[in-house]
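Q: Structure provided below as structure tokens; questions to follow.
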Amino acid sequence: MFEIKYRDALGRVGILNINGKKIETPTIMPVVHPNPKKQVVPIDFIKKLTDVIITNSYITYITKHLRELALKIGIHKLIGFDKVIVTDSGSFQLGVYGDVKVSPREIIEFQEKIGVDVGTILDIPTPPDVDKEKAEKDLEETLKRAKEAVELKKEKNFRMLLNGTIQGSTYIDLRQKAAKEMSKLNFDIYPIGAVVPLMESYRYREVVEIIINSKMNLPTNKPVHLFGCGHPMLFALAVALGCDLFDSAAYILYAKDDRYLTERGTLHLEDLKDLKDFPCSCPICTEYKPKELYNLDKKEREKVLAEHNLYVTFEEMNRVKEAIKEGSLWELVEERVRAHPKLLEGYRVLKNYMYYIEKFDPVTKKTAFFYSGIESMFRPEVYRHKKRLKRLKYDKVLITNISKSIEKPYHEHLNVKETDVDILIKNPIFGFIPYYIDTVYPLSQHESPEFYDFEEKVGEEFQREFIDWLKKRAKILDIREYNQYISLVDKFDGDRFRIKRMLEYQYGKDVIEDLKIKVVRSKNTGRLRQVLDENDNILFSIRSHDNFLIPTKLGAKLLWEKLEFPKYRVVVDKEAEPFAREGRNVFAKFVIDCDDEIRPYEEVLVVNEDDDLLAYGTAILNGIEMKEFNYGLAVKVRGGVKD
């Protein structure tokens, strides 16, 4: 039903298949009134922007003529939209008015009868800051209704997909419980509810806590919907937290108040009317001057402004998708969260959850790591590097600083006599950059300004802790001892030592320790490009943009021989075995086990249940996802192994 195409952070560009209708996520679902006469923006305009909308089944149900017409011709013809229609169940009205004139069972049955694509249970939207006893009581009722809805869907073989909403007010333990219990019921999509009051009062820190704690306890193979989130400035952060679907009536509600949406916040038309041009190039803003739009009659102004708000909403979502594809979502997030101090406060919470986020963040990206503030020091790329520093098998170490004027990669611009001493170069972002792996992403592929003194101090605690760890495992040389030692070294194979360290960093083990190897360097740049065995067979190619060691068939066999099971393995069933040997891609539904520590875009080995090597390639999913997904690509295979 759901497959991942591209990814960055916890965000993913995916394809959601809903009864044969496909939508690309992340996406925003405009709220559309079920009565076409009350819809301010024409449905034909909305059709041009989206493949999915959301409307209210409860309003349809309690409005007699709408109910009768929907039952007769279906919700799609009633609204005039032939693509995916999602419906809310009346939970919003329940939260506002305290009661609704329909039972949980009736509204589920009604949504199915009118042909809804994705229906929603009648959950209890507990507002923020209520007594915990009430929040617990509401959650128990929501879980009870959820179980009844799933049983009803199964009993009557409903065609529509079902939303299972995560509630729990502002109590994180209740949100965690809700996510765990809802996961057991196997809903199709998991909305996170009752966060609008928090967003309206700029309590973004709590919103972030709720999203991440819900996400951590939900299945990875199902989309997550952030109910009521429709302001563009929130999309990048929410997507980075793993939200796939959004909905909101903000585009029209803001227009009613003459508010003009931007990706950085909200402006008032009154304040824009004296500008020569709008700060936007959408069709509305190129057709109208600010004063022209301001002087339109109320009804027309509301419609036109709502259309602008929709344009900027979808433009920002498209920008988020592009950032995911490029591998620059974190950079976009760090730009957007500076639109409001409370948003930045919410973003800073993420450093407490980086142990989880890192598992889903790709190990390599197309674009460089751009430092944009002290928050960048806590990103998953940094967290991962600091963990992988401990993969290297140190013996003798020199810890040093270098001039800020030295260009990256450092080893190309330092006059160093290469020996078996590991030179660890202090770095404010990454803690230490080992001389012999300084070309590997992101150690060379990062950019930063000159640091303030307080920024440099942030990494000092890690440096002290790492040195304490290192002292128990290696000899740390001072500069006098280092100079004395290297003066005694005559011949040393620096290339082999570099490959050894790169293998340890990437795969956790030096798999060439017993082999005679050669290296090939680029004629143009002089950089390492291939690792050969003694017979000139290629074992690994060194990819230029990230300097990862990419195995050939011989290299894959070497990794398979040297790495203990289940390291870097993806185990497939017998049905997939012949296709993998032929070099065909591995799909998630055929994966029966894997190394839990696999990260997206790592090089992996495809094996059968007897650990026979079948193929090798790049993981699209991480180790958690491979065990949960049953749809889409798991490993993009580079080559099969027939013998």
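The values are calculated or read from the model by the stated rules, or taken from the named source; none is laboratory data. Only a predicted model underlies this, so the values are computations on that prediction, with no experimental measurement involved. Neighbour counts run over all protein chains shown; Cβ positions are idealised from the backbone, glycine included. These accessible areas exclude ligands, DNA and RNA; they are computed on the full protein's heavy atoms, side chains included. Shrake-Rupley method; radii C 1.70, N 1.55, O 1.52, S 1.80 Å.
Q: Considering only region 500-513, I want to know if a residue exists there that is open to solvent by 50 Å² or more (accessible area, probe 1.4 Å) and either in contact with a strand residue (DSSP E or B) (Cβ under 6 Å, 6 or more places away or on another chain) or acidic (D, E) (or both).
A: First, the residues of region 500-513 that are open to solvent by 50 Å² or more (accessible area, probe 1.4 Å): 500, 509, 513.
In the following step, the residues that additionally are either in contact with a strand residue (DSSP E or B) (Cβ under 6 Å, 6 or more places away or on another chain) or acidic (D, E) (or both) were identified as 513.
Looking through region 500-513, at least one residue is open to solvent by 50 Å² or more (accessible area, probe 1.4 Å) and either in contact with a strand residue (DSSP E or B) (Cβ under 6 Å, 6 or more places away or on another chain) or acidic (D, E) (or both).
Q: Then there's this: From the residues in region 122-161 that are farther than 19 Å from F227 by Cα, acidic (D, E) and under 31 Å from the mean Cα position of the chain (by Cα), which one is surrounded by the fewest Cβ atoms within 10 Å (Cβ to Cβ)?
A: That would be E140.
Q: Ok, one more. Starting from region 278-291, take each residue that is under 10 Å from L267 (Cβ atoms) and open to solvent by 90 Å² or more (accessible area, probe 1.4 Å) and list its partners that are of a type in the set (K, R) and assigned to a loop (DSSP other than H, G, I, E, B), counting only C-beta distances under 7 angstrom and pairs at least six apart or across chains.
A: Here the result reads none, with nothing in region 278-291 linked to a residue that is of a type in the set (K, R) and assigned to a loop (DSSP other than H, G, I, E, B).
Q: Follow-up question, since we're still on this one. Kindly indicate which of I374, I357 is over 30 Å from F278 (Cβ atoms) and buried (at least 20 other Cβ atoms within 10 Å of the Cβ). Outline the logic, then answer.
A: On the way: I374 fails: buried (at least 20 other Cβ atoms within 10 Å of the Cβ).
Sole residue among the options that is over 30 Å from F278 (Cβ atoms) and buried (at least 20 other Cβ atoms within 10 Å of the Cβ): I357.
Q: With the checklist (1) in contact with a helix residue (DSSP H, G or I) (Cβ under 9 Å, 6 or more places away or on another chain); (2) over 14 Å from T618 (Cα atoms) in hand, flag the one item F548 doesn't pass.
A: For F548, the failing item is (2).
Q: Considering only region 242-285, give the strands (runs of 3 or more DSSP E) lying wholly within it that have at least 3 residues that are β-branched (V, I, T).
A: Numbers: elements: 245-248, 259-262, 265-268.
By residue number, no strands (runs of 3 or more DSSP E) qualify.
Q: So which residues in region 47-75 are open to solvent by less than 40 Å² (accessible area, probe 1.4 Å), closer than 20 Å to L162 by Cβ and not hydrophobic (A, V, I, L, M, F, W, C), if there are any at all?
A: Hits for region 47-75 are T55, N56, S57, Y58, T60, G74.
Q: Could you please find all residues in region 150-190 being among the hydroxyl-bearing types (S, T, Y) and part of a helix (DSSP H, G or I)?
A: Applying the first criterion (among the hydroxyl-bearing types (S, T, Y)) to region 150-190 yields 165, 169-171, 183, 190.
Result: S183, single match.
Q: Let me ask something additional. Residues to consider are V604, V635; find the one that is within 22 Å of K500 (Cβ to Cβ) and within 22 Å of the chain's Cα centre (by Cα).
A: V604
Q: What tally of residues in region 207-221 results from selecting those that are assigned to a helix (DSSP H, G or I) and more than 10 Å from A179 (Cα to Cα)?
A: Our first condition is that a residue be assigned to a helix (DSSP H, G or I); within region 207-221, this holds for 207-215.
From the residues that got through so far, the ones that are more than 10 Å from A179 (Cα to Cα) too are 207-212.
Going through region 207-221 one residue at a time, the tally reaches 6.
Q: Test A179 against the criterion of being free of Cβ contacts under 8 Å to residues at least 40 places away in the same chain and buried (at least 20 other Cβ atoms within 10 Å of the Cβ), and give yes or no.
A: Values: free of Cβ contacts under 8 Å to residues at least 40 places away in the same chain: yes; buried (at least 20 other Cβ atoms within 10 Å of the Cβ): yes.
The answer is yes for A179.
Q: What is the number of the single condition among (1) assigned to a loop (DSSP other than H, G, I, E, B); (2) open to solvent by 30 Å² or more (accessible area, probe 1.4 Å) that E335 does not meet?
A: (1)
Q: I'd like to check something: does region 298-319 contain any residue that is more than 38 Å from the chain's Cα centre (by Cα) and surrounded by 13 or more Cβ atoms within 10 Å (Cβ to Cβ)?
A: The first filter runs over region 298-319 and keeps only residues more than 38 Å from the chain's Cα centre (by Cα), leaving 298-300.
Pick out the ones that are also surrounded by 13 or more Cβ atoms within 10 Å (Cβ to Cβ) and you get none.
For region 298-319, residues more than 38 Å from the chain's Cα centre (by Cα) and surrounded by 13 or more Cβ atoms within 10 Å (Cβ to Cβ): absent.
Q: Let me ask another. Give G168, G242, G164 a once-over and let me know the one that is buried (at least 18 other Cβ atoms within 10 Å of the Cβ) and under 30 Å from L267 (Cα atoms). Outline the logic, then answer.
A: Numbers: G168 fails: under 30 Å from L267 (Cα atoms); G164 fails: under 30 Å from L267 (Cα atoms).
Only one candidate qualifies: G242.
Q: List the pairs whose first member sits in region 1-27 and is open to solvent by 10 Å² or more (accessible area, probe 1.4 Å), whose second member is of a type in the set (S, T, Y) and not in a strand (DSSP E or B), and whose Cβ atoms are under 6 Å apart, counting only residues at least 6 apart or on separate chains?
A: Taking only residues 6 or more apart or on different chains, the pairs are M1/Y631; E3/Y631.
Q: State yes or no: is D536 closer than 30 Å to L443 by Cα, open to solvent by 60 Å² or more (accessible area, probe 1.4 Å) and touching a Gly at 6+ places or on another chain (Cβ under 8 Å)?
A: On the way: closer than 30 Å to L443 by Cα: yes; open to solvent by 60 Å² or more (accessible area, probe 1.4 Å): yes; touching a Gly at 6+ places or on another chain (Cβ under 8 Å): no.
In short, no.
Q: Right, something else. Having 2 or more residues that are β-branched (V, I, T) is the bar; report the strands (runs of 3 or more DSSP E) wholly within region 477-552 that clear it. First the steps, then the outcome.
A: Details: elements: 517-521, 528-533, 538-542, 549-551.
Passing ranges, in order: 517-521, 538-542.
Q: Looking at this structure, is R480 closer than 22 Å to L398 by Cα and either without any contact (Cβ under 8 Å) to a residue 24 or more places away in the chain or β-branched (V, I, T) (or both)?
A: Values: closer than 22 Å to L398 by Cα: yes; either without any contact (Cβ under 8 Å) to a residue 24 or more places away in the chain or β-branched (V, I, T) (or both): yes.
In short, yes.
Q: If D596 satisfies all but one of (1) closer than 21 Å to K325 by Cβ; (2) surrounded by fewer than 20 Cβ atoms within 10 Å (Cβ to Cβ), what's the number of the condition it fails?
A: Result: D596 passes all but (1).
Q: Among the residues of region 343-353, are any part of a helix (DSSP H, G or I) and small (G, A, S)? Can you show your working first?
A: Filtering region 343-353 down to residues part of a helix (DSSP H, G or I) leaves 343-353.
From what's left, small (G, A, S): 346.
Within region 343-353, one or more residues are part of a helix (DSSP H, G or I) and small (G, A, S).
Q: Taking region 383-402 only, how many residues are surrounded by 15 or more Cβ atoms within 10 Å (Cβ to Cβ), basic (K, R) and closer than 14 Å to Q463 by Cβ?
A: The total comes to 1.
Q: Just to be sure, is G119 crowded, with 24+ Cβ neighbours inside 10 Å and either in contact with a strand residue (DSSP E or B) (Cβ under 8 Å, 6 or more places away or on another chain) or small (G, A, S) (or both)? Outline the logic, then answer.
A: Numbers: crowded, with 24+ Cβ neighbours inside 10 Å: yes; either in contact with a strand residue (DSSP E or B) (Cβ under 8 Å, 6 or more places away or on another chain) or small (G, A, S) (or both): yes.
Answer is yes for this residue.
Q: Select from region 567-593 the residues that are open to solvent by less than 60 Å² (accessible area, probe 1.4 Å) and of a type in the set (F, W, Y) and write down the one among them that is farthest from G508 (Cα to Cα).
A: This residue is F590.
Q: Being more than 27 Å from K299 (Cβ to Cβ) and in a helix (DSSP H, G or I) is the filter here; which residues of region 231-241 pass it? I'd like the intermediate steps shown before the answer.
A: Initially, region 231-241 is screened for residues more than 27 Å from K299 (Cβ to Cβ), giving 233-241.
Passing the criteria: M233, L234, F235, A236, L237, A238, V239, A240.
Q: Which condition does D438 not pass, out of (1) in contact with a Pro (Cβ under 7 Å, 6 or more places away or on another chain); (2) more than 26 Å from I550 (Cβ to Cβ); (3) open to solvent by less than 40 Å² (accessible area, probe 1.4 Å), if it passes all the others?
A: It is condition (2) that D438 fails.
Q: Regarding region 446-469, can at least one residue be identified that is aliphatic (A, V, I, L, M), over 32 Å from the mean Cα position of the chain (by Cα), within 15 Å of K426 (Cα to Cα) and crowded, with 16+ Cβ neighbours inside 10 Å? Give the steps one after another, and end with the answer.
A: First pass over region 446-469, keeping only residues aliphatic (A, V, I, L, M): 458, 467.
From what is left, the residues that are over 32 Å from the mean Cα position of the chain (by Cα) are 467.
Adding the requirement that they be within 15 Å of K426 (Cα to Cα) leaves 467.
Still in the running and crowded, with 16+ Cβ neighbours inside 10 Å: none.
Within region 446-469 (the criterion being aliphatic (A, V, I, L, M), over 32 Å from the mean Cα position of the chain (by Cα), within 15 Å of K426 (Cα to Cα) and crowded, with 16+ Cβ neighbours inside 10 Å), the answer is no, since none of the residues qualifies.
Q: Over 12 Å from S57 (Cα atoms) and of a type in the set (A, V, I, L, M): does that describe L122? Break it down stepwise before answering.
A: On the way: over 12 Å from S57 (Cα atoms): no; of a type in the set (A, V, I, L, M): yes.
It is false that L122 is over 12 Å from S57 (Cα atoms) and of a type in the set (A, V, I, L, M).
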